[in-house]
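To keep things clear, I will list the structure first and then write my remarks on it.
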Amino acid sequence: MLVLAGIVVLHITAIILLLVATIDNAWWLTDSVATDVWGRWELADSAWHYTNLKGDYAEEYLQVVQAGAVLACIFSILGLFVFVAQLFTLSKGQRFTFSGALMLISCLCVMIAASIYTDIFHKQDQGWFGHSFILAWISFVLTFILGVIYVVLRKKSE
């Protein structure tokens, strides 16, 4: 029972980190600019102003990063619901393969999004990667670990 509680807490933590990484505006930072996968905030006259990213980056790559981040969140949330459903429906000794597959797909989506963002965007810019970008990579590790745990885990009692 303690193992299941730990897995659920780890899964909820991964979902929260994925959502923060996707929503928050701190993938790339400078002293006067904060950029995420949705827009850019620029500091002018002591106030932050939102601008659109459409003209600044290659549209195809930006859409892949956005889709990867959103799909990672969706698959991770689905993985939690499927895991809870499998707790009640699987018979003794079966593995949580479907939950594991969803988490590994989530892992793949967030890895693709963060990798493309790393390779394509901000190569010539002066600045640093923000906490949302770091959270995306931490989420990649957590979703991978959860995917492996679900694939290996067997249901012990009914």
What does the charge count around residue 3 come to, taking other residues whose C-beta lies under 15 Å from its C-beta (Lys +1, Arg +1, Asp -1, Glu -1)?
+4
Could you identify which residue out of 105, 120, 138 has the top mean-square fluctuation in a GNM of the chain using Cα springs shorter than 10 Å?
120
Mind checking the dipole of the chain: about its Cα centre, +1 per Lys or Arg Cβ, -1 per Asp or Glu Cβ, Debye to the nearest 20?
1120 debye
Would you mind calculating the gained length between residue 31 and residue 134 on full extension (0.36 nm times residue separation, minus the Cα-Cα distance), in nm to one decimal?
35.3 nm
Can you give me the distance in nm between label points at residue 47 and residue 88, each placed 7 Å from the Cα along the Cα-to-Cβ direction?
5.2 nm
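Tell me, which longest segment in the chain has none of the trypsin sites (Lys or Arg not before Pro) that fall in DSSP loops with at most 10 further Cβ atoms within 10 Å? Mind dumping the intermediate values first?
On the way: sites that count: 54, 92, 123, 156.
The answer is 1-53.
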Candidates 68, 147, 39; GNM for the chain (alpha-carbon contacts under 10 Å) flags as most fluctuating 39
If you put +1 on each Lys and Arg Cβ and -1 on each Asp and Glu Cβ, how big is the dipole of segment 40-106 around its Cα centre, in Debye rounded to 20?
600 debye
Could you tell me which of 7, 71, 91 has its Cα farthest along the dipole of the chain towards the positive end, charges placed at Cβ (Lys, Arg +1; Asp, Glu -1), taken about the Cα centre?
91
Take residue 61 and residue 101, extend 7 Å from each Cα along the Cα→Cβ direction, and tell me the distance between the two endpoints in nm.
3.3 nm
At a 1.4 Å probe radius, carbon and sulfur cover how many percent of the accessible area of the chain?
70 percent
If you find the alpha carbon centre of segment 28-78 and of segment 114-132, how far apart are they in angstrom?
11 Å
Could you do me a favour and compute the accessible area per residue for the chain, 1.4 Å probe, result in Å²?
54 Å²
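The values are calculated or read from the model by the stated rules, or taken from the named source; none is laboratory data. Small disclaimer: the values here were computed from a predicted structure and weren't measured. Glycine also receives a Cβ, built like all others from the backbone with ideal geometry; neighbour counts cover every protein chain displayed. Ligands, DNA and RNA are excluded from the accessible area calculation, which covers all protein heavy atoms including side chains. Shrake-Rupley method; radii C 1.70, N 1.55, O 1.52, S 1.80 Å.
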